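The block underneath contains the structure these notes are about, expressed in structure tokens.
The values are calculated or read from the model by the stated rules, or taken from the named source; none is laboratory data. Every value quoted in this text rests on a predicted model; they were computed, and no experiment measured them. Please note: Cβ atoms are built from the backbone with ideal geometry, for glycine as well, and neighbour counts cover all protein chains shown. With ligands, DNA and RNA removed, areas are computed over all heavy atoms of the protein, side chains included. Shrake-Rupley method; radii C 1.70, N 1.55, O 1.52, S 1.80 Å.
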Amino acid sequence: MRKDLGSLPAVFPMPVLMVGTYGEDGKVDVMNVAWGGIAGMDKIALYLAPDRKTLKNIRAKKAFTVALADEAHIKEADFLGTASGNTMADKFERTGLHAEKSPRVDAPIIQEFPLTMECELAEEAEMFGEIRVVGTIVNVNVDEKVLDEKGKVDAGKLNAVMFDQYRMTYYKVGEEFAKAWNVGKELMKK
């Protein structure tokens, strides 16, 4: 039997995206963004509230980074999603994480997160009370420990986490169980 739940944002899994920027004072700011995802082969879209410090920083620097949060740093990632850079000047410092300036964009790479997309601001638009920020991914920076023997990212090694907005919990990404664009091939023969 099925049940109606009403209108709610029912997409799962939701990646835990860590958006890194520099403030006008040069300080590192990182925000855990709940709503965002890939918007093209070299684009990522984020949806930010208009009052976010991160949005102000993106507008000023025309750049940002997006890292995938991992299991080992979920405490820090969660904190960065609940604390506000508008009211907590030492927000990033409290985490104990380490930032290094991206060589490609004016934004920080957080060393502890295993995969980071370096992005240039492509466009922004107001949509439904949020600001949609689209970035052009100019590079993906990874820790070599998450690469396979062919030099490709091994999602199983990322230990990425997903957000469950139904129950406000985090999940670890599971193991590979089928090959994309392959497991359904037998249905093409019918």
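Below is a table of values for the structure above.
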{"read-out": "Any hit, the stretch 82-90, residues being over 17 Å from the mean Cα position of the chain (by Cα), of a type in the set (A, V, I, L, M, F, W, C), surrounded by fewer than 21 Cβ atoms within 10 Å (Cβ to Cβ) and on the phi < 0 side of the Ramachandran plot", "value": "yes"}
{"read-out": "Count of residues meeting criterion [modelled with pLDDT under 95 and in contact with a Phe, Trp or Tyr (Cβ under 8 Å, 6 or more places away or on another chain)] in the stretch 119-129", "value": "1"}
{"read-out": "Residue count for the stretch 165-188, restricted to those that are among the acidic types (Asp, Glu) and free of Cβ contacts under 8 Å to residues at least 12 places away in the same chain", "value": "1"}
{"read-out": "Those residues of the stretch 12-58 which are touching a strand residue (DSSP E or B) at 6+ places or on another chain (Cβ under 9 Å) and of a type in the set (D, E, K, R), in sequence order", "value": "ASP29, ASP42, LYS43, ARG52, LYS53, LYS56"}
{"read-out": "Failed criterion for ALA77 (all others in (1) touching a helix residue (DSSP H, G or I) at 6+ places or on another chain (Cβ under 8 Å); (2) not in a loop (DSSP other than H, G, I, E, B) hold)", "value": "(1)"}
{"read-out": "Every residue from the stretch 96-112 that is without any contact (Cβ under 8 Å) to a residue 40 or more places away in the chain, open to solvent by 10 Å² or more (accessible area, probe 1.4 Å) and either in a loop (DSSP other than H, G, I, E, B) or not charged (D, E, K, R) (or both)", "value": "GLY96, HIS98, PRO103, ARG104, GLN111"}
{"read-out": "Subset of the stretch 113-137 (residues that are without any contact (Cβ under 8 Å) to a residue 60 or more places away in the chain and touching an Asp or Glu at 6+ places or on another chain (Cβ under 7 Å))", "value": "PRO114"}
{"read-out": "Answer residue from the stretch 59-77, given it is among the hydrophobic types (A, V, I, L, M, F, W, C) and touching a strand residue (DSSP E or B) at 6+ places or on another chain (Cβ under 6 Å) and is surrounded by the fewest Cβ atoms within 10 Å (Cβ to Cβ) among those", "value": "ILE74"}
